[in-house]
Structure formats: structure tokens, C-alpha cells
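Have a look at the structure below before the remarks.
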Amino acid sequence: MGRPDPEEGQLPAPVKPPDGGWGWIVLLGCFVITGFSYAFPKAVSVYFKELMKDFHVGYSDTAWISSIMLAMLYGTGPVCSIMVNQFGCRPVMLIGGLLASAGMILASFTTNIIELYLTAGVLTGLGMALNFQPSLIMLGTYFDKRRPLANGLAAAGSPVFLSSLSPLGQVLLEKFGWRGGFLIMGGLLLNCCTCGAVMRPLDMGMKRKMGKAQDKYEAKEMLPIGGKSEEGISTTDGTKKGKKAKKKPKKGKKLLDFSIFSNRGFIIYTISKFILVLGLFVPPILLVNYAKDTGVPDTEAAFLLSIIGFIDIFARPACGMVAGLKWVRPHVAYLFSFSMLFNGLTDICSARASNYTGLVIFCVFFGISYGMVGALQFEVLMAIVGSQKFSSAIGLVLLIEAFAVLIGPPSAGRLVDALKNYEVIFYLAGSEVVLSALFLGVASYCCLNRGKKEPPPENNPSAAGGSDTEEAESDVQEAEEHSSNNHQPAHSTDNAMVAANEEANHVAEEQSGEGGGCPAGDGEVLARDGCNADQMVERDSF
């Protein structure tokens, strides 16, 4: 079957990802949103000392502000998925930008630490969560072939903004105090609304094409062609409306699609990601204190995080480019497993670093491996579940990761207080990351590859983890079948042509049956749908 022709009144094919064009603007917006979402909770820490003085609280009390932000970013994943499936990405992101900005503005007028928890923690964290998840969904909608590169470039927003917001916060603190700094930071978060405004859904273009096709179809059918034709048109329109009304509930999106749990690849990814998060964030959190305990000055110890961020800026886009190569992309899950293995071995090998040079080497390799993990984590998830189910998948994954975030770093801190030994913590964190890498690689090879060896049923061309191209082809086929069933020819000449074609096909089939092979000459066109296709199936079976 060919692509439906809009001029004949048929439904246009679903819009494919453009892999460019307006997608680059969407990528820029996703870059900014990712930077704010991951860097802002860490950048707020520059205000903690002033908050401790004004509110007479300890460091652990102020640290809860960043913890609540991250908990809201991860824990509200299903809520974001439901809102995106119900209202779309752009409205959710606009609301999220307003909430994030309002939270920081209200925080500048607070009088106690509890009010800070509710404003800067809950309200701002919820706003950033409502921006972060829809931006990734839109990125997967606009990019398919270049999606690994797009994910790598968008993920680079985290280290870029972290290296920018922290010095900016220090300058604002010195000139305007923490209240003025919070107020200005709230104004900066309004840029999230701008990023949300550029997230134009692709189906808007398709709706415009459908509207034009409908107008052309109606204009063509309104020509004076006789009473019988008019009756046929009215009958066809009535039948079409009735069938469309029946099919509308089937196309309605679920608020949260739990059918992804039937996908073995998603289950493997979720388990490995949970184990990964238990140890991934522990080394950078404890690195500065670990360096200070080994005798490194404060300024040089703080510079270690800058080294990680600088390397991370270049590692993420570079890894995205590598993941987009034709011979790498089909095996991107194994590349993700390798990056986690690299990160875990870096933690284990650097556990005994006792001087500044050893810590700098650790930061270089940790920045490379950490950037690889950051660039590939959402690309692998998109490849497993597809863009149609990604909104539900990322919400559920972030919710599961929220528990790991609340377990991993706090448990490591308690072990440090109890053992007074950072070496054991680095061994433990590295072992958890290595375990997640081995689980993902071995489980993917044993469970998924064996399933691929079995030929899939012909009636189910798109599996749970199918690609976007397969989903688009199935939608095109469904649209063609729907159009062919509902669009009855109104002209008598069309009926005569159809009858003539059927008679010609019948004669050609009889000739091919008598000859015992494919017809030659003029019958080659028919043979493409007949014996040639069978021969191709036989070659594929071998």
C-alpha cells in the first residue's frame, strides 16, 4: 500500500520526527530545563551558611532544602506523566515554570525554615519536575535518527548550569543577601516558561493538513454529479462518522500506562537503574570532605568538583555522537552497561587515593564515565519503550529512583560517621554501580537476545519495545484500511474501473497458476505482491 493521498480525502500519515528544523529550538529548551533541574538544587547550597545564621539552624536542616527539591523532581514522576497524557507537554511546562519561579520568590519572604521547605523545596521542586519530564518527552518526539546526539547535548545542560549558577549565586549573595538572591533566582526560573512555550507539538502540523484535505474533499464531492452520487456521499459520510465515533475511545490516551511492565527490557532497565542510583551520587557528594580529611586545602578541594563538571560538559555530547553511530545504536544498552562498569571501577580503583594528584586523576575518569551515564540513561529508555509510552515509563522510573536517592547518599553519610573511613564507602558505592552494569549487560543478553531469535508473529508487528518507525508504519496501515473501508466510490466510472481491474487480476492469477511461476512482461507488477514476496520470505527464513 502507498501513502494516503490527502487530496483524495484520505487521512494523512502520522508526522515523523523531523530530526532537525524546529527540533533544534526544542533541544535548546531541553538544554536549559535540564540545567535548571539538576544544577539548581546544588547551586542553592551557597546560601546555606547565611540561612543557618538567620534561622539559627544546623547544616543538616538547611540541606533538607536541596533534598526536598530532588525528592520532588524524582518522586512526582507519575503525577507528571498523568498531566502530560491529559493536557500535553506545553501547558504542563508553562505551569511548572510559574510554580518554580513562584516558589523562589515566596521563599525570599519567609521567616522560618519550615516555610523555606514548603516554598523553595516543595513548590520549586514540583515546578522543575513539571518542566523536566515533558522536555524529555518532546525531545524524543522531534528526534529519531539523531536522538542519541540530541540526548547528549541536552544532558550537557547540567554541568554547564552547575558551573554557572554556583558562582552567580555567590555574587548575588554578596551584593543582595540571600533574600535578594532568591528573588533574582526566581526571576531566572521564569525562563522555564519560555522553554515551555517553544515546545510546539508535532500533531499541530498534521491537524492543519487534515483540515486542508477535508476542505478539498468536501469541495470535490459538492460538484453537481447527480442525485445518486449525493445519496452515496451522504451515506458514506454517515457511515464514516459512525465508525469514527466508535474508534475514538480506542485512541484515547491512558493517564498512566502500566502495560510497560510487561516489557522485559523495561523491567531489566528499572532494576539496574535502581541499583545504579544507590551508589552513583555518593562519590561526588563525599569527595570534598574526603579531600579535606587527606590534608588538601579547602580551595583546592572545592576545585575537584569543577574538574568533574568541566570534563562532564564534553563527555556527554561526545558519548551521544558515539551512540548515534549505525553500528553502535542497535547495541546502545551494552554501551550504557559499559559506561556504568567504567564508573564503578573508577570508584573502586580510586578508593585508596591519598594525595591531590590521585584525586585529580579520579575526577578526570569519573567525569568521563559520569558524563557517559548521563548521556545514555534516557536514550536507552526511549529505545526500549518507544516514544508513545515514554511519558509513562519515565514517570515510573523516576519514582523508583526516588527511593534509591533517599536510601543511597544518607546511608553513606551514616556509614562515614560510624566508621570514620571513606575508603569503605568508595568500595561500596563502586560495587553497587558495577553490580548494576553486570545485571544490565547479562540480563539484556540472556533475556532479550533469546527472545529476538524466535520469529515474531505476523499479526503483531510492533512489540512493546518497537521503534518509532514501526509504530508509524502500523498507524499508516490502519489509516489506509480505515479509509478504504469507509470511502466508497460515488461515480459510475470508478465502479467500472474497479471491476476491470479485478477481472485483469483474476486473469493474471490464472495465468500464473497454469505457468507454475511468476508471470513475465506486464505481469511483473502483480508478481511483486505474489510469488516474489514469497521468495523474499523464504530467503529471510534461511
- Message: Every residue in the range 23-35 that is under 12 Å from N131 (Cα atoms) and open to solvent by 10 Å² or more (accessible area, probe 1.4 Å), please.
- Response: F31, V32
- Going by the structure shown, is S163 open to solvent by less than 40 Å² (accessible area, probe 1.4 Å), within 26 Å of A323 (Cβ to Cβ) and small (G, A, S)? no
- Message: If I ask for residues that are touching a Leu at 6+ places or on another chain (Cβ under 8 Å), open to solvent by less than 10 Å² (accessible area, probe 1.4 Å) and either over 12 Å from V44 (Cβ atoms) or small (G, A, S) (or both), which ones from the range 166-185 would you list?
- Response: G181
- Message: Given the options M340, M372, M382, M321, name the one that is part of a helix (DSSP H, G or I) and at pLDDT below 90.
- Response: M382
- Query: So which of V57, V84 is in contact with a helix residue (DSSP H, G or I) (Cβ under 7 Å, 6 or more places away or on another chain), of a type in the set (A, V, I, L, M, F, W, C) and not in a helix (DSSP H, G or I)?
  - Reply: V57
- Item | In the range 340-365, residue nearest to the chain's Cα centre (by Cα) [restricted to those that are surrounded by 24 or more Cβ atoms within 10 Å (Cβ to Cβ) and within 29 Å of G140 (Cβ to Cβ)] | M340
- Query: Only one of (1) in contact with a helix residue (DSSP H, G or I) (Cβ under 7 Å, 6 or more places away or on another chain); (2) open to solvent by 40 Å² or more (accessible area, probe 1.4 Å) fails for T110. Which number is that?
  - Reply: (2)
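Here's the yes/no breakdown for (1) open to solvent by less than 10 Å² (accessible area, probe 1.4 Å); (2) over 22 Å from G430 (Cβ atoms); (3) among the small types (G, A, S); (4) part of a loop (DSSP other than H, G, I, E, B):
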residue: F261; (1), (2), (3), (4): no, yes, no, no
residue: I267; (1), (2), (3), (4): no, yes, no, no
residue: V277; (1), (2), (3), (4): yes, no, no, no
residue: P284; (1), (2), (3), (4): no, no, no, no
residue: V288; (1), (2), (3), (4): no, no, no, no
residue: K292; (1), (2), (3), (4): no, no, no, no
residue: A301; (1), (2), (3), (4): yes, no, yes, no
residue: L304; (1), (2), (3), (4): yes, no, no, no
residue: I308; (1), (2), (3), (4): no, no, no, no
- Of all residues making up the range 382-404, the number that are of a type in the set (A, V, I, L, M, F, W, C) and crowded, with 22+ Cβ neighbours inside 10 Å: 9
- Message: Among the numbered criteria (1) in a helix (DSSP H, G or I); (2) open to solvent by 20 Å² or more (accessible area, probe 1.4 Å), which one does L73 miss?
- Response: (2)
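Results for (1) modelled with pLDDT of 85 or more; (2) buried (at least 16 other Cβ atoms within 10 Å of the Cβ); (3) of a type outside the set (F, W, Y); (4) assigned by the TED database to the domain that holds L280, shown as yes or no for each residue.
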position: V424; (1), (2), (3), (4): yes, no, yes, yes
position: G430; (1), (2), (3), (4): yes, yes, yes, yes
position: S436; (1), (2), (3), (4): yes, yes, yes, yes
position: P455; (1), (2), (3), (4): no, no, yes, no
position: N459; (1), (2), (3), (4): no, no, yes, no
position: S462; (1), (2), (3), (4): no, yes, yes, no
- Task: Name every residue in the range 122-137 that is modelled with pLDDT of 90 or more and open to solvent by less than 10 Å² (accessible area, probe 1.4 Å), in order of residue number.
- Result: T124, G125, G127, M128, A129, L130, N131, F132, P134, S135
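The values are calculated or read from the model by the stated rules, or taken from the named source; none is laboratory data. The shown structure was predicted, so the numbers you read here are calculated from the model rather than taken from an experiment. Using ideal geometry, Cβ is built from the backbone for each residue, glycine included, and neighbour counts are taken over all protein chains shown. Only protein heavy atoms, including side chains, enter the accessible area calculation; ligands, DNA and RNA are left aside. Shrake-Rupley method; radii C 1.70, N 1.55, O 1.52, S 1.80 Å.
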